[in-house]
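The values are calculated or read from the model by the stated rules, or taken from the named source; none is laboratory data. The model shown is predicted, which means the values in this text are computed figures rather than measured ones. Here the Cβ is made from the backbone with ideal geometry for all residues, glycine too, and neighbour counts use every protein chain on show.
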Amino acid sequence: MFGGIEAGGTKFVCVIGTGPAAIVATKRIEVGDPAETIGAARNFFLEALAEGMQLDAIGIGSFGPLELRHGHPRYGCITTTPKAGWSGTDMVGPFASGLGVPIEFDTDVNAAALAEGRWGAARGLRSFIYLTLGTGVGGGAVVDGRLVHGLGHPEMGHIAVERRADDVFAGVCPFHGDCFEGMASGTAVAARFGRRAEALEGADRDAAISIIAFYLAVGVRSLVYALSPERIVVGGGLSAMPGSPPRPAPNWSSSSLGTQVCPNTASRCSSSPRRSATWQGRWAR
Ligand SMILES: [Zn+2]
């Protein structure tokens, strides 16, 4: 039995189980200050252990950026995040002490990439990317069966993107302005249209999908050239917008490169299998 934490900017989701179809306990925690939020997550596992549950390990997939170098004095910490109060937060220490269970720690997108490889849309592949289009944009890459870390971890959301000719939007990335995330994240969509993506309708929604699709195509093109993945699996809230799911713009041609782009399935299979299947049908066309 394993424990898992999806540590997001607005909620932590804690689970115990052996896979998406075999979850025996779950708890959703709204994010407050670090001590309160992490304390609530730790208590969830402490209570499970006290009830006699056997945990082999706990995996934490967290929003970042993160210090992932084992042996580094700040290993397990969130480094410099725009999220107020969370820079420098130790995400591993509170779980490593007192639970008596091995802890593994990585970015949320790397954890999602592993899940897609094990249970989802990247099963059986050796090289693939999981890309999330949500509040932010991020990606995790598996190359030759192993997650790519490098010095820290890739920041695929911050790659430079070619601007659409008619697009005068400045971008919202606090570091770069008009990078991939700055132009095509949920935050960017909200700034462009004055409303969250989920609330858009009609022409605004079509315009938003067109913009996201354009930058998705441009971003995906760079990732394909850099890493040559067999498949890019796209998840995140924007990929779940009502109407046609964002997919690479028509100018994206995968045929010459061979990389497939498809929606994620692992993180959806427990919540909405029917929708996931529908999307697979659409994207397959
Ligand atoms: Zn950026």
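If you go through the stretch 120-132 one residue at a time, do you hit one that is under 18 Å from Leu238 (Cα atoms), β-branched (Val, Ile, Thr), within 16 Å of the ligand (Cβ to nearest atom) and at pLDDT 95 or above?
Among the residues of the stretch 120-132, not one is under 18 Å from Leu238 (Cα atoms), β-branched (Val, Ile, Thr), within 16 Å of the ligand (Cβ to nearest atom) and at pLDDT 95 or above, which makes the answer no.
Would you mention how many residues in the stretch 218-258 are modelled with pLDDT of 90 or more and touching a Phe, Trp or Tyr at 6+ places or on another chain (Cβ under 6 Å)?
Summing the residues that are modelled with pLDDT of 90 or more and touching a Phe, Trp or Tyr at 6+ places or on another chain (Cβ under 6 Å) in the stretch 218-258 gives 5.
Condition first: in contact with a Gly (Cβ under 7 Å, 6 or more places away or on another chain) and in a helix (DSSP H, G or I). Can you find one or more residues in the stretch 73-94 that meet it?
Yes, the stretch 73-94 has at least one match.
Consider Gly139 carefully, then state whether it is within 16 Å of the ligand (Cβ to nearest atom), over 26 Å from Asp106 (Cβ atoms), at pLDDT 95 or above and buried (at least 17 other Cβ atoms within 10 Å of the Cβ).
It is false that Gly139 is within 16 Å of the ligand (Cβ to nearest atom), over 26 Å from Asp106 (Cβ atoms), at pLDDT 95 or above and buried (at least 17 other Cβ atoms within 10 Å of the Cβ).
Just to be sure I understand, how many residues within the stretch 22-49 are hydrophobic (A, V, I, L, M, F, W, C) and surrounded by 15 or more Cβ atoms within 10 Å (Cβ to Cβ)?
Number satisfying all stated conditions: 10.
For the stretch 160-186, which positions are over 19 Å from the mean Cα position of the chain (by Cα) and more than 11 Å from the ligand (Cβ to nearest atom)?
Residues satisfying the conditions are Glu162, Arg163, Arg164, Ala165, Asp166, Asp167, Val168, Phe169, Ala170.
Can you tell me which residue in the stretch 163-203 is surrounded by the fewest Cβ atoms within 10 Å (Cβ to Cβ), limited to those that are among the charged types (D, E, K, R) and at pLDDT 95 or above? Working first, answer last.
Kept after step one, since they are among the charged types (D, E, K, R), are these residues of the stretch 163-203: 163-164, 166-167, 178, 181, 192, 195-196, 198, 201.
Filter once more, so that each one left must be at pLDDT 95 or above: 163-164, 166-167, 178, 181, 192, 195.
On the way: Arg163: 15, Arg164: 15, Asp166: 7, Asp167: 14, Asp178: 19, Glu181: 30, Arg192: 20, Arg195: 14.
Residue satisfying both the conditions and the ranking: Asp166.
Please work out which one of (1) free of Cβ contacts under 8 Å to residues at least 60 places away in the same chain; (2) under 28 Å from Gly171 (Cα atoms); (3) assigned to a helix (DSSP H, G or I) is the condition Ala112 fails and give its number.
So Ala112 meets the others, but not (1).
Within the stretch 198-213, can one find any residue that is in contact with a strand residue (DSSP E or B) (Cβ under 9 Å, 6 or more places away or on another chain) and of a type in the set (Gly, Ala, Ser)?
No, because not a single residue in the stretch 198-213 is in contact with a strand residue (DSSP E or B) (Cβ under 9 Å, 6 or more places away or on another chain) and of a type in the set (Gly, Ala, Ser).
Looking at (1) at pLDDT below 95; (2) more than 23 Å from the chain's Cα centre (by Cα); (3) within 24 Å of Ala113 (Cα to Cα), which is the one condition that is false for Ser97?
The number of the failed condition is (3).
Say we look at the stretch 157-206 and pick out the residues that are outside any helix (DSSP H, G or I) and of a type in the set (Asp, Glu); which of these is farthest from Thr132 (Cα to Cα)?
That would be Asp166.
Pairs, please: C-beta under 6 Å, at least 6 apart or cross-chain, first residue in contact (Cβ under 8 Å) with a residue 60 or more places away in the chain and in the stretch 173-202, second more than 9 Å from the ligand (Cβ to nearest atom) and part of a loop (DSSP other than H, G, I, E, B)?
Pro174/Pro82
Can you tell me which condition Leu131 does not meet? The list is (1) out of contact with any Asp or Glu (no Cβ under 6 Å at 6 or more places or on another chain); (2) loosely packed, with under 14 Cβ neighbours inside 10 Å, and all the others hold.
Every condition holds for Leu131 apart from (2).
For Phe214, work out the one condition from (1) more than 16 Å from the ligand (Cβ to nearest atom); (2) aromatic (Phe, Trp, Tyr); (3) not in a helix (DSSP H, G or I) it doesn't fulfil.
Just one mismatch for Phe214, condition (3).
Considering only the stretch 132-156, state which residues are part of a loop (DSSP other than H, G, I, E, B) and hydroxyl-bearing (Ser, Thr, Tyr).
Thr135 - this is the single residue of the stretch 132-156 that is part of a loop (DSSP other than H, G, I, E, B) and hydroxyl-bearing (Ser, Thr, Tyr).
Taking only the stretch 46-69 into account, find how many residues are farther than 28 Å from His149 by Cα and in contact (Cβ under 8 Å) with a residue 12 or more places away in the chain. If you could, list the steps in order and put the result at the bottom.
Taking the stretch 46-69 and keeping what is farther than 28 Å from His149 by Cα, we get 46-54.
Now restrict to residues that are in contact (Cβ under 8 Å) with a residue 12 or more places away in the chain: 46, 48-49, 53-54.
Summing the residues that are farther than 28 Å from His149 by Cα and in contact (Cβ under 8 Å) with a residue 12 or more places away in the chain in the stretch 46-69 gives 5.
Looking at the stretch 70-89, I want the residues that are on the phi > 0 side of the Ramachandran plot and have a partner that is among the acidic types (Asp, Glu) with Cβ atoms under 6 Å, at least 6 apart or on another chain. Which pairs are those?
Cβ pairs passing all conditions: Gly76/Asp90; Gly85/Asp33.
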